[in-house]
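Peer 1: Before we start, here is the structure in question, set down as structure tokens.
The values are calculated or read from the model by the stated rules, or taken from the named source; none is laboratory data. Fair warning: this is a prediction, and the values are worked out from it, not measured in the lab. Counting neighbours? That spans all protein chains shown, and the Cβs are built from the backbone with ideal geometry, glycine included. For accessibility, only protein heavy atoms count, side chains too; no ligands or nucleic acids. Shrake-Rupley method; radii C 1.70, N 1.55, O 1.52, S 1.80 Å.
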Amino acid sequence: MKKIIIAPSILSADFSNLACDVKMLEQIGADWVHIDVMDGHFVPNITIGSGVVKSLRKITRLFFDAHLMITNPEKYWRDFKEAGAGLIVFHQEILADKKKLAKEIKDSGVKAGVSIKPKTSVEEIEDLLSYVDLVLVMTVEPGFGGQSFMEDMVPKIKRLRKVIDTKKYNCLIEIDGGINSQTSKICVKAGADVLVSGSYIFSAKDPTEAIKSLSI
């Protein structure tokens with residue numbers, strides 16, 4: 001069986017105790033830290049900036065997965081790279097040149113990813129797959145935590161898995177939105193490699209068991 005990467009989203013963490021929550025993730029077996037960056041324009045919410053990422057980088061060795069839900073990632077991605085992110089994910093729906101952006105990110109020494117909203121098809125990113133290290137499939141509308149999993153996104157995951165395998169792209173599939181012990185199994189069966197989970201882990205009585213339940 002392939003190793004499933006578990007990437008808890010700190011969007012659901014206690015922001016008054018963020019350092020302790022991130023340290024906890026390291027202790028309970030998380031693989032990555034998923035960092036949701038929102039600008040209040042691309043999505044209707046505002047979260048954290050690169051300064052917070054830089055502060056967190058000092059207290060953990062976990063890999064930082066920065067999901068830039070922002071209108072102009074081409075202007076800001078370097079800040080997150082310098083702050084310690086190892087993966088920069090931008091959205092297909094932005095207006096910037098995505099191939100150029102992916103190349104610039106990878107040339108800087110970190111990984112590049114592209115994310116697609118529920119209404120964006122796999123076909124819209126097929127010509128970008130050879131440029132990125134990861135595709136993030138949103139299984140909720142981006143912008144808020146705690147939403148329910150959209151099961152009609154499962155065929156999209158399967159389609160993406162088929163395209164990547166057929167063309168032998170070196171590209172992981174990450175899923176974000178409503179991931180718990182049940183929906184994680186659906187996503188892994190469909191072809192997911194990385195699972196983002198927020199409220200399911202941080203609201204659990206036993207976060208260690210919650211993480212274990214996602215990778216079984």
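Peer 1: ILE201 versus (1) surrounded by 15 or more Cβ atoms within 10 Å (Cβ to Cβ); (2) modelled with pLDDT of 95 or more; (3) more than 18 Å from ILE10 (Cβ to Cβ): which is the lone unmet condition?
Peer 2: Unmet condition: (3).
Peer 1: Related question: Scan segment 130-182 for residues that are polar (S, T, N, Q), at pLDDT below 95 and closer than 26 Å to THR71 by Cβ and report the count.
Peer 2: 1
Peer 1: Any idea which residue in segment 61-76 is nearest to the chain's Cα centre (by Cα), counting only those that are over 14 Å from ALA96 (Cβ atoms) and open to solvent by 10 Å² or more (accessible area, probe 1.4 Å)?
Peer 2: If we take residues in segment 61-76 being over 14 Å from ALA96 (Cβ atoms) and open to solvent by 10 Å² or more (accessible area, probe 1.4 Å), then PHE63 is nearest to the chain's Cα centre (by Cα).
Peer 1: Only residues that are open to solvent by less than 10 Å² (accessible area, probe 1.4 Å) and of a type outside the set (Val, Ile, Thr): list them for segment 124-140, please.
Peer 2: Scanning segment 124-140 gives LEU128, LEU129, LEU134, LEU136, MET138.
Peer 1: Please work out if ASP193 is touching a residue at least 60 places away in the same chain (Cβ under 8 Å) and acidic (Asp, Glu). Spell out how you get there, then give the answer.
Peer 2: Working: touching a residue at least 60 places away in the same chain (Cβ under 8 Å): yes; acidic (Asp, Glu): yes.
Considered against the rule, which asks whether it is touching a residue at least 60 places away in the same chain (Cβ under 8 Å) and acidic (Asp, Glu), ASP193 comes out as yes.
Per-residue answers, yes or no, for (1) touching a Leu at 6+ places or on another chain (Cβ under 6 Å); (2) farther than 24 Å from THR47 by Cβ; (3) of a type in the set (Gly, Ala, Ser); (4) in contact (Cβ under 8 Å) with a residue 40 or more places away in the chain:
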| site | (1), (2), (3), (4) |
| --- | --- |
| SER108 | no, no, yes, no |
| ALA112 | no, no, yes, no |
| SER115 | yes, no, yes, yes |
| ASP133 | no, no, no, yes |
| GLY143 | no, no, yes, yes |
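Peer 1: For segment 94-112, indicate whether the set of residues that are surrounded by fewer than 15 Cβ atoms within 10 Å (Cβ to Cβ) and within 17 Å of the chain's Cα centre (by Cα) is non-empty.
Peer 2: No, there is no match, as no residue in segment 94-112 is surrounded by fewer than 15 Cβ atoms within 10 Å (Cβ to Cβ) and within 17 Å of the chain's Cα centre (by Cα).
Peer 1: Condition first: open to solvent by less than 90 Å² (accessible area, probe 1.4 Å), over 16 Å from GLU126 (Cβ atoms) and in contact with a helix residue (DSSP H, G or I) (Cβ under 8 Å, 6 or more places away or on another chain). Now tell me which residues in segment 141-176 satisfy that.
Peer 2: Within segment 141-176, GLY145, GLY146, PHE149, VAL154, ILE175 qualify.
Peer 1: Another question, then. Please pick out the residue among ASP79, ASP21 that is crowded, with 19+ Cβ neighbours inside 10 Å, among the charged types (D, E, K, R) and either touching a Lys or Arg at 6+ places or on another chain (Cβ under 6 Å) or at pLDDT 95 or above (or both). Steps first, answer last, please.
Peer 2: Details: ASP79 fails: crowded, with 19+ Cβ neighbours inside 10 Å.
Criteria check complete, one pass: ASP21.
Peer 1: Given SER121, SER50, SER55, which one is closer than 24 Å to THR166 by Cβ, open to solvent by 10 Å² or more (accessible area, probe 1.4 Å) and free of Cβ contacts under 8 Å to residues at least 60 places away in the same chain?
Peer 2: Result: SER121 is the single residue among SER121, SER50, SER55 that is closer than 24 Å to THR166 by Cβ, open to solvent by 10 Å² or more (accessible area, probe 1.4 Å) and free of Cβ contacts under 8 Å to residues at least 60 places away in the same chain.
Peer 1: Separate question: Would you tally the residues in segment 118-147 being β-branched (Val, Ile, Thr) and in contact with a Pro (Cβ under 6 Å, 6 or more places away or on another chain)?
Peer 2: 0
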